[in-house]
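*Asks:* One structure, as structure tokens, below. Some questions next.
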Amino acid sequence: MKKELIFLGPPACGKGTQTNKLAQYLNLPHIDTGSLLRAEIKNETENGMIAKTFIDKGNLVPVELVASIIKDRLSKDDCKEGYILDGYPRSLEQAEMLEVINKEINGSEEVDFRAIYFELDQSVLVSRIVNRRSCAKCGEIYNLKSKPAKVEGICDKCGGELVQRKDDNEEIAKARFETYFHETAPLIDYYKSKLKLRTINADGTIDEVWERLLEVVK
Ligand code: AMP
């Protein structure tokens, strides 16, 4: 059965690392709206230019813009068996939008849809954000404290340069948390009421969280 997995959790809760790993494990595409939007910005598309003004402030990009990007992506052939969706939906409006998009794509096909919530205390998160680095070439995620690269500034996997995301500073991080608590956190109850929510404790090593994640995606 087609597996549609979406992921909820505050910024820097570790979703990116775990969902990348899960996508490889389940052989499903990893779709991450933050990266899709950053690619639009890099390519200087019209959507990218609009998105940039919101991302730079830690705000959500307009609903229609993200929906059109997501719909295009979920309609691709590699999503036929399912997908790992990271960073979407991020508001009730987007959750409803996703249901419409999924229905349009799936028709009457039965699917296994689950929302997986990474639960983690906020105090750990700001420190994770300011220490986060990622490879400009392959996207691998590092942390200066908990997961440093073997050679500082260089990706272990591909030798690419490690960079800090522009919105990973303390001021913008705070705005992203506010956005998360106002807009995204209500989705936890939304999916709970639909009996689609699975919660995992996201406090632990990468391996510990991975074991917990495998339990809820079986
Ligand atoms: P992320 O890489 O998931 O932390 O996303 C970085 C930024 O991209 C967010 O702070 C938002 O400005 C924007 N963004 C990512 N996903 C969405 C979404 N589903 N809806 C609106 N904006 C988004």
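The values are calculated or read from the model by the stated rules, or taken from the named source; none is laboratory data. Please read these numbers as outputs of a predicted model, since none were measured by experiment. Neighbour counts run over all protein chains shown; Cβ positions are idealised from the backbone, glycine included. Only protein heavy atoms, including side chains, enter the accessible area calculation; ligands, DNA and RNA are left aside. Shrake-Rupley method; radii C 1.70, N 1.55, O 1.52, S 1.80 Å.
*Asks:* Which whole-percent values make up P(r) of the chain when all C-alpha to C-alpha distances are grouped in 10 Å steps starting at zero?
*Replies:* 8, 33, 40, 17, 1, 0
*Asks:* Amide H to amide H under 5 Å from K137: which residues, 5+ apart in sequence or cross-chain, H placed 1.01 Å off N in plane?
*Replies:* Placed amide hydrogens put E161 under 5 Å from K137.
*Asks:* I would also like to ask the following. Determine the distance separating the Cα centre of the stretch 100-175 from the Cα centre of the stretch 1-75; give it in Å without decimals.
*Replies:* So the two Cα centres are separated by 10 Å.
*Asks:* Another one. Based on the alpha-carbon gyration tensor of the stretch 1-127 and its eigenvalue square roots a ≥ b ≥ c, which shape applies: rounded if a/c is under 1.5, prolate if not and a/b is larger than b/c, or oblate? Intermediate results must be reported in sequence, preceding the final value.
*Replies:* Numbers: a/c = 1.65, a/b = 1.15, b/c = 1.43.
Oblate shape, in that a/c is at least 1.5 and b/c is the bigger or equal ratio.
*Asks:* Go ahead and collect, in residue order, the members of the stretch 61-88 whose backbone nitrogen is under 11 Å from a label point 7 Å along the Cα-Cβ direction of E109.
*Replies:* Under 11 Å, as judged by backbone N against the label point of E109, lie 75-83 of the stretch 61-88.
*Asks:* Sort the following peptides by mean Cβ neighbour count (other Cβ atoms within 10 Å, averaged over residues), highest first: 95-104, 144-153.
*Replies:* 95-104, 144-153
*Asks:* Got a sec to turn the phi values of the stretch 91-103 into Karplus ³J(HN,Hα) couplings, 6.51 cos²θ - 1.76 cosθ + 1.60 with θ = phi - 60°, whole Hz, x for Gly and Pro?
*Replies:* Listing the rounded values in order: 7, 4, 4, 5, 5, 5, 4, 4, 4, 5, 4, 4, 4 Hz.
*Asks:* Mind checking the per residue accessible area of the chain for me, 1.4 Å probe, whole number of Å²?
*Replies:* Ligands and nucleic acids excluded, the result is 54 Å² per residue.
*Asks:* Carbon and sulfur together cover what percent of the accessible area of the chain at a 1.4 Å probe radius?
*Replies:* Numbers: 5900 of 11750 Å².
The nonpolar share, carbon plus sulfur, comes to 50 percent.
*Asks:* At a threshold of 8 angstrom on Cα-Cα distance, excluding pairs fewer than six apart, so keeping six or more, what relative contact order does the chain reach in percent? All intermediate terms of the calculation are to be shown ahead of the outcome.
*Replies:* Numbers: 311 pairs, mean separation 65.1, N = 218.
Once divided by the residue count of the chain, the mean separation gives 30 percent.
*Asks:* Near K147, which aspartates and glutamates are there with a Cα under 13 Å away, not counting those fewer than 8 places off in the same chain?
*Replies:* D156, D207
*Asks:* Using Cα positions and a limit of under 17 Å, work out the lysines in reach of K42, with same-chain residues fewer than 8 apart set aside.
*Replies:* Answer for K42, where 17 Å is the Cα cut-off: K52, K137, K166, listed by chain and number.
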